[in-house]
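What follows draws every value from the coordinates through simple rules; no lab data is involved. Just so you know, these numbers come straight off a predicted model, no measurement behind them. So basically every Cβ, Gly included, is an ideal-geometry build from the backbone, and we count neighbours across all protein chains shown.
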Amino acid sequence: MTIIEELNWRGLVADCTDLDGLTKRSASGPLTLYCGFDPTGDSLHVGSLVGQLALRRFQLHCHHPIALAGGATGMIGDPSGKSAERNLLSREQLDSNLASIKAQLSRILDFDSKANPARMVDNAAWTAGVGYLDFLRDIGKHFSVNVMVAKEGVRSRMEGEGGISYTEFSYMVLQAHDFYHLRKTLGCELQIGGSDQWGNITAGTDLIRKTLGAPSWGLTFPLITKSDGTKFGKTETGTVWLDARKTSPYRFYQFFINTEDAMVPAYLRKFTLLSADEIGALEASHRSNPGAREAHKALAREVTSIVHGKTACDDALRASEIMFGGGLDGITESLFNDVSEEIPTRDFEKSRIEGPGCPVADLLVHSGLCASKGQARKDIEGGGIYLNNSRVQEAARAVVLTDLLFGRYLLLRKGRRSYVLLRAK
C-alpha cells in the first residue's frame, strides 16, 4: 500500500490540488512535505494529532517530513475557522509556547532517525528579517485581492459582524511565503493540513508556480467531528490537550475509551498507526460484539501510548481499572488523584474514625450511597458494598484510621459503578 493509498483507506484525503500527479510523484521516490502548527497556546490539542500522525505516516513510507512551528505566523493568527479576531501574543509568550509544542511534536515524529530524520523549522527564522517593502514588492505583488477575498476562510469572516483585520487578512500571504521558502531552500513539494487550510495551501502552490515555476502540491484531510457533526476534542470539562499537565494521561485515555460506538472504526484509522489487518480485525470484533469494547480499548491504548508513552498509558489503564473495582495495591497518590476527579466527593471529620473507628454503615449514609443504616446493613449483607474496592463482609465492620488511602481518603462503592470518595478533614 503506497502512502496515498493508505491516506485514502484511512479517510484522510479531503482535497488535493492534483491527486493523480501527487500519486505519481510520491511513487517515484521520497518527497519532502510539511505541516504547520501555530503556537497560539502552550499545548497542541487532540485535533492536531491528525496532522502530526500524517507526517509520521509519510515518514514511515520513507518520505521526508517537516514540522513547521509558526513563530512568525503565530504572532498574526490564522482567521480560518475563526469567527473573531485572535488576541495577539507577545514574543515571550510565543517562545514559551514554541518550546512546549516542539517537545510534543518530538513524541510522534522521529527526529533522531539516521536514515530518514524528521526536521523541525520555525518560520520566524526566515520571516523576521524580511523588510516590509521588500515583502510587498517580491511576494505581495503575486497576490490578487479578488482571489484572496474569495477564499472561504476570509469570505466567512468578511461576512460576519466583526469583519477581519488587515493583520489576519495577511496571514494567507505569510503562509504561502512559508511554502515558497521551503520549496526553494529544502525542496519541499507538498503541504498538508486540515480542510480549513485549503485556501492558505492553494495560495502557496499558486505562489510557487508564479515565482519558481516548480511543481508543488497541497493535500488536506477532513476536519474530525463527532457523529452529530459537533467539534471533536471537546468534553464537558473543556479541550483535550496533549500536555499531560493540562489533560492527564488518565483523562486522555478516558476521552478515547468513551468514543461513540459509531466513530470507533474511523478513529482507529485516523488516530492510530495500526495496520490495515489489525484494524480490520478490531472492526470485525466491534461489529460482532460491541459490548466487549475491544476496539474502544485498542483505540484508547494506542493513542495514549503514542502521545504520552507506554508507561503513562499503563498507568492510565491501571487507573481505569479502579473504576471497575480493580485493586489499589501499589497505586500512586498522583494516579489516585486523577481517578478521584471523576468521583463524587464528600468531606467528613477525621475524628470520626479515630480510636475504635466508625461503623461503615454510618459512612455509607453520610456518603449518600445508602438512605439509612438499615438499608446499609442490607446492602452489606447482600455483598454489594465495597471499601477501597474490597468487599465489606460484615455489617459490624468499623472504619479506622489505617483504612485511609494516602492518609485522607476512603473510597466507597455500592454495586458495580456507584462510587463516592470521602475526604477526611
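Relative to the longest principal axis of the Cα atoms of the chain, the long axis of helix 310-322 makes an angle of roughly 40 degrees.
P(r) tail for region 3-221: Cα pairs beyond 29 Å make up 22% of the total. Electrostatic tally near Phe348: other residues with Cβ closer than 9 Å to its Cβ, Lys and Arg +1, Asp and Glu -1, net +3. Taking a straight Cα-Cα cut-off under 16 Å and skipping sequence neighbours fewer than 8 places away in the same chain, the aspartates and glutamates within cross-link reach of Lys246 are Asp42, Glu236, Asp338, Glu341, Glu342.
Note: relative contact order over region 234-340, using C-alpha pairs below 8 Å and six or more positions apart, is 32 percent. Applying both filters, DSSP loop and at most 12 other Cβ atoms within 10 Å, to the GluC sites (Glu not before Pro) of region 152-199 gives Glu161. Evaluated with a Cβ-only charge set (Lys, Arg +1; Asp, Glu -1), region 10-65 carries a dipole of roughly 300 debye about its Cα centre, given to the nearest 20. If R0 is 35 Å, what FRET efficiency do you get for Ala99 and Asn289 from their C-beta distance, rounded to 0.05? So the FRET efficiency works out to roughly 0.15.
Per-residue 3J(HN,Hα) values for region 291-301, derived from phi via the Karplus relation 6.51 cos²θ - 1.76 cosθ + 1.60 with θ = phi - 60°, read x, 6, 6, 4, 5, 4, 5, 5, 4, 4, 5 Hz in sequence order (x marks Gly and Pro). Taking every DSSP helix (H) stretch of at least 4 residues in the chain, weighting each as -39,500 (n - 2.57) and dividing the sum by the residue count yields a mean residue ellipticity at 222 nm of -13000 deg cm²/dmol. Each Lys or Arg adds one and each Asp or Glu takes one away; over the other residues whose Cβ falls under 15 Å from the Cβ of Ser100, this sums to -2. Using the structure shown, list the pairs from Lys350/Lys378; Lys102/Lys234; Lys231/Lys425; Lys184/Lys310; Lys114/Lys270 with a Cα-Cα distance above 31 Å, or answer none. In this structure, Lys231/Lys425; Lys184/Lys310 lie more than 31 Å apart at Cα. Hydrodynamic analysis of region 234-340 uses the Kirkwood radius over alpha carbon pairs. Inserted into Stokes-Einstein at 10 °C and 1.306 mPa s, it gives a translational diffusion coefficient of 111 µm²/s. Taking the number of Cβ atoms within 10 Å of each Cβ as an exposure proxy, the fewest-first ranking of Ser367, Ser305, Ser106, Ser28 is Ser28, Ser106, Ser305, Ser367.
Residue separation of Glu349 and Leu405 scaled by 0.36 nm, minus their Cα-Cα distance, works out to 18.7 nm of gained length. Phi-derived couplings, Karplus 6.51 cos²θ - 1.76 cosθ + 1.60 at θ = phi - 60°, listed residue by residue for region 332-341: 7, 5, 5, 5, 5, 5, 4, 5, 4, 5 Hz, with x used for Gly and Pro. One decimal place: the segment Val149-Glu260 gains 36.2 nm when fully extended, by the rule 0.36 nm per residue minus the C-alpha distance. Sequence-distant contacts, meaning Cα pairs under 8 Å at least 6 residues apart, place the relative contact order of the chain at 14 percent. For Asp110, the residues whose modelled amide H falls within less than 5 Å of its own, excluding neighbours fewer than 5 places apart on the same chain, are Ala118.
One chain, two ends: Phe111 and Tyr166. Fully extended at 0.36 nm per residue, the span grows by 16.1 nm beyond their Cα-Cα distance. Just report the Cα centroid separation between region 272-308 and region 322-365, whole Å. First find each Cα centre; the distance between them is then 33 Å.
Farthest toward the positive end of the dipole of the chain, out of Gly233, Gly382, Leu12, is the Cα of Gly382, where the dipole comes from beta carbon charges about the Cα centre.
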